Amino acid sequence: MDNQNLYKLKKDFINEWPIERLKTMTLEEYTNSKKTSFCYWLEAITTNVGSIWGGSAYKFGIFKRKHLKKTDYNDYRKSDGIYSWHEKYGKNKEEVFGNIRNLIIKIVIESKENRLEEIDNIDLGDAVKWKIAFLYGEFNVINIFTYKALKTSAEYLGYIGNSKLFSELNRFILSKKGDKDFFDFAKELWIVFDSEKIMKQKFEKWLKIKKGTDSGMVSSYLRAINLLNNQFKIKVYNESDISVLNELYEDLKLHQKTVDGKYFYSKAKSYGQNGFYSAAVKTYIEFLQDSEIDDNEYKKISFDDMKNNTPLNQILYGPPGTGKTYNTIVKAAEIIENRKIDDFSESKAIFNKHLGNRIEFITFHQNYSYEDFIQGLRPDVDNDTSLTFDRKDGIFKMISDRALENLYLSEKAPEEVSKDALFDNALEDFIEKVQDSEDDYHINDSVAYITEVLDNSFRYKGPNWGHSSLMKFKDLKELYRNDVKKRQDIKKLSTISGLANQHASYFLRVYNEIVKLLPKQEVVDTTTKVERENYVIIIDEINRANISRVFGELITLIELDKRSHGDIPLKSTLPSGEEFMVASNLYIIGTMNTADKSIALLDIALRRRFEFVAMYPKYSIDDHEIYDVDILEKINKKIIEKKGHDFQIGHSYFMGVNNDLIGRMNVKVIPLLLEYFMNDEKEVKEILTHAGLEIEPNSWPLRITGKRDQSI
C-alpha cells in the first residue's frame, strides 16, 4: 500500500471511531463477530499501518467468544460463556468493559497531548495501547508496537541504553526521522527487524540445533505455527511478549482438541488432536528464552547455496532507461540478505545500510585505471619537504580484502575469533596512546617513529629518511596470527614480504608494543562465531572504461574456480609486492549501456567470465504504470528498423509520478533520438510522426506539442 493510502487509512479509522464515540462505545461495538468492532478495526482493518497480529484475544482485555461454551479457566481468566476477560479488570463483563473503555480514552487523550510517559503506566497490552496511541496521535508514536522490534529499531539508529519504556524509545526514534516522510521512515525500520521472516528463520535454525536435522519434530512444529499463522491469523513470529505467548499456550491446551472448535482445521485435524499447536508454541517460548544461542548461528541460506544459485560475475545490459541501475540495487540487496525481495523500498533500505561496507558502487569512465580499481601510488600530500608517493588500495581490492577477512574468520573456531577480537582491542588501546602523545610517537630508542594515525594504518618514518611509509593495521594483525617472534619471520609473510631490515625491525617493535596491552590472562569467549557473509561491488557503465587495463591480471582471478575458495585458487603479486586473491564471497554486478557499445565489441576475456542478463524495454510492469505505451512501442519499432534493438528507448522514460508527455519527450526522449541519429532531423521527425506526435513547426531543437491524432 502506498503512503497516500496509509495516511488515508489512519484518517478513516479516526472518522469511524472519533473520541466522542469512544465515550459512549458499547461492549458489542468494542468486540463482536461481525468485523465491525473497534478491536477488528484495530487489529485487522488497519494492519497495513502497523500490525498487532499475534498472541490471543486476551490482549484486548475482554473479547467476545465465537463458541458459546462456558469454561472454567483459571484464577486470572474468566468467562461467562459469551465473553472472556482478565480478572484484573473486574468481576463481570460490565465492570470489565467500563474499566477498559476508560483506559482507552486515557490513552487517546495522553497521546493527543503528547504525554507518552503516562501511557507507559496504563495497564493494557503493549501492542494494543501503543497502536491506539499511534492512531489517535499526531505521528508522535512510531508504528512499531512490540518492545523487541522497537528496541532493535532504536539501536539501529544509534540508541545506547537498556530502557524498557516505549515512550523513551519512541521519542528517540522519531528524533532521527528528519525530513523523511513518516511512512518511508517507518518502512526502513520495519526492514531492520522484519520479525516474521527473520524469527521464523531463526526458530528453524534453533530447532535443528536443539532437536537435530533428522527430527520429525522440527517439521511438525514449523507446520503447526504456519497453520496458526495462515488459518487462524495468529502471528506467533510477530510476538515477543512471553506473557502473551503463555496465554496463547494455555488457550491452545484448552481448545485445540475440540472438534469444530476455534482451532479446528479440517485439512490438518491431527495438529489439534495430537496437541502439536500448544507444543509448538511452548517450544517457541523456550526458543525466545534461550540465551545460549547466539544470533550468528542463524544463517538464512548457506554460502554454498547462494554461490550455486547466483552468478558471481554478471552484467545487466540493454538500452538506456531499461532499469539496469535500478535492478542492481535489488540484486545487491538480495545477495546481502540471501533471499528474494519484491519491495524496492526494502531493497533500497538494505542497500543504503550496507553501502560503504558490504556493498560498493562505482561508475567507470574513460580515464578509470588499474590504480583506481586495484592498487597504485598516490602523492603524499602531507610531505612538504619532497615529492613522495604512498601505496593506495583501490576500491575493488578494499572490498575484496573485507570479504576475504570475513571468510577467514568464518573458518576459525570461536576461541580463535575471540583472540582476534582481543588483539583488535589492544590495537585500539595502542592507537589511543599514539593519538594522545603530544609529538611524534617514539618507541624507546628506535630509529623510526609514528607520525600519524590514518584510517587503516600508521604513517611512520626515520629522522634521516626522505619520505614516510605506511604500516597497515591488517599487517600487524597478521604478525599476531602467525605468532611472529623474529624480524626474519616478518619478511616471509606473503602480505608484507619485501620489507627492508630496518622496516621489518620497526614493524616488530610496534607489534610488541601492542602485544604488551593484551590481557595477561586471555579470557576467551567460546560462543563467538562469525558466519560467512556476502559482499557486492556494482560497476555502473562497465563498458565505458578500458576493461583490459582496469582489470589487469584480475581478469583471471575473478573466475569461480580461481577465487579464494575455488577448486584452484590463484594469487597475484601486485606491483607493490603484496599478494592478492579475490574472495569467493564477493559478487560483481556490472551494467552496460548497449547504445554506447555492443556486447560483440567487449573484450573476449571479459565476456567469458561474466554472465549477461538482457534488459530491454517493457510495455507492462506489475504494480507500475507505464504512460503512453502505444507511443513508446511505435518509437521503438521504428528505431529497431533503422538502428537495431540496442538503441531503443527504455520504459523508465515513460514512468514516474509526472505524466507529462510533452515535457518528457522534449527534455529526455527527443535529445536521445537526436544523439542516436547524429542530429539528423529528418530521421527523428519520421520516428515522431510514426508515433502519432505533433511536431512544432520550424523548431530547433525539435519539439512536440502533443499527440497528432488521439485515436492513433
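Please work out the Kirkwood hydrodynamic radius for the range 389-515, using every pair of different C-alpha atoms, and report it in angstroms with one decimal place.
Values: mean 1/r = 0.0642 Å⁻¹.
Result for the range 389-515, one decimal place: 15.6 Å.
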Residue farthest toward the positive end of the dipole of the chain, with Cβ of Lys/Arg at +1 and Asp/Glu at -1: which of VAL582, ASN406, MET615?
MET615
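Ranked highest first by average number of other Cβ atoms within 10 Å, how do 680-692, 312-324, 445-457 line up? Write out the running numbers ahead of the final one.
Numbers: 680-692: 16.9, 312-324: 21.8, 445-457: 15.2.
Result, highest mean Cβ count within 10 Å first: 312-324, 680-692, 445-457.
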Set Lys and Arg Cβ to +1 and Asp and Glu Cβ to -1, take the dipole of the chain about its Cα centre, and tell me which of THR31, PHE364, PHE351 lies farthest positive.
THR31
To the nearest 20 debye, the chain has a Cα-centred charge dipole, built from +1 on Lys and Arg Cβ and -1 on Asp and Glu Cβ, of 2400 debye
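Can you compute the helix-only [θ] at 222 nm over the chain? Use -39500 (n - 2.57) per DSSP H run of at least 4 residues, normalise by all residues, nearest 500 deg cm²/dmol. Could you put the intermediate results ahead of the total?
Numbers: 30 runs with 311 residues, N = 712.
The helix-only estimate for the chain comes to -13000 deg cm²/dmol at 222 nm.
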Want the number for ILE640 to ASN512: 0.36 nm per residue separation, take away the alpha-carbon distance, what's left?
39.2 nm
What is the helix-to-structure angle for 126-136, meaning the angle in degrees between its Cα long axis and the longest Cα principal axis of the chain, kept from 0 to 90 and rounded to the nearest 10?
90 degrees
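For TRP85, what charge total do you get from the other residues with a beta carbon under 10 Å from its beta carbon, if Lys and Arg give +1 and Asp and Glu give -1? Don't skip to the answer; put the middle values down first.
Details: positive: ARG77, LYS78, LYS88, LYS91, LYS93; negative: ASP80, GLU87, GLU95.
Its environment carries a net charge of +2.
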Beyond 23 Å between alpha-carbons counts as too far, so tell me which of LYS148/LYS282; LYS59/LYS151; LYS331/LYS668; LYS324/LYS637; LYS202/LYS235 fall in that bin.
LYS331/LYS668
Would you indicate which of (i) 186; (ii) 307; (iii) 237 is the value of volume of the Cα convex hull per residue in Å³ derived from the coordinates of this structure?
(iii)
Percent of Cα-Cα pairs per 10 Å bin, from 0 to the last occupied bin, for the range 3-193, please list those.
9, 36, 34, 17, 4, 0
Among the aspartates and glutamates, which have Cα under 13 Å from the Cα of LYS634 when same-chain residues fewer than 8 positions away are ignored?
GLU686
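Return the percentage of antiparallel bridges among DSSP beta bridges fully within the chain, rounded to the nearest 5 %.
Details: 27 of 48 bridges.
Antiparallel bridges make up about 55 percent of those DSSP assigns within the chain.
Could you tally the net charge around GLU611, taking each other residue with its Cβ under 13 Å from the Cβ of GLU611, Lys/Arg +1 and Asp/Glu -1? Can you show the working numbers first?
Working: positive: LYS331, ARG607, ARG608, ARG609; negative: GLU559.
Here the count lands on +3.
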Taking a 30 Å limit on the Cα-Cα distance, which of the listed pairs LYS11/LYS353; LYS64/LYS208; LYS35/LYS187 fall beyond it?
LYS11/LYS353; LYS64/LYS208
Please compute the length gained on full extension between ASN425 and ARG549, using 0.36 nm multiplied by the number of residues separating them and subtracting their Cα-Cα distance.
40.6 nm
In degrees between 0 and 90, to the nearest 10, how far off the longest principal axis of the chain does helix 324-337 point, with axes built from Cα atoms?
70 degrees
Against the empirical 2.2 N^0.38 Å scaling, what ratio does the C-alpha Rg of the range 632-712 come to?
1.01
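Relative to the present Cα-Cα distance, how much length would full extension add between ASN5 and ASN464 at 0.36 nm per residue of separation? Before the final figure, lay out the partial values.
Numbers: separation 459, 0.36 × 459 = 165.24 nm, distance 7.10 nm.
Once the chain is fully extended between ASN5 and ASN464, it gains 158.1 nm.
Could you calculate the FRET efficiency of SER175 with LYS412 from 1/(1 + (r/R0)^6), where r is the beta carbon distance between them and R0 is 35 Å, rounded to 0.05?
Numbers: r = 40 Å, r/R0 = 1.13.
Efficiency at R0 = 35 Å is approximately 0.30.
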Net charge contributed by nearby residues that have their C-beta within less than 13 Å of PHE654 (K/R +1, D/E -1):
-1
For the chain, longest principal axis from Cα atoms; helix 276-289 axis from its Cα atoms; angle between them, nearest 10 degrees, is 50 degrees
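Each reported figure results from applying straightforward, stated rules to the coordinates on display, with no laboratory input. Quick caveat: nothing in here was measured; it's all calculated off a predicted structure. Glycine also receives a Cβ, built like all others from the backbone with ideal geometry; neighbour counts cover every protein chain displayed.
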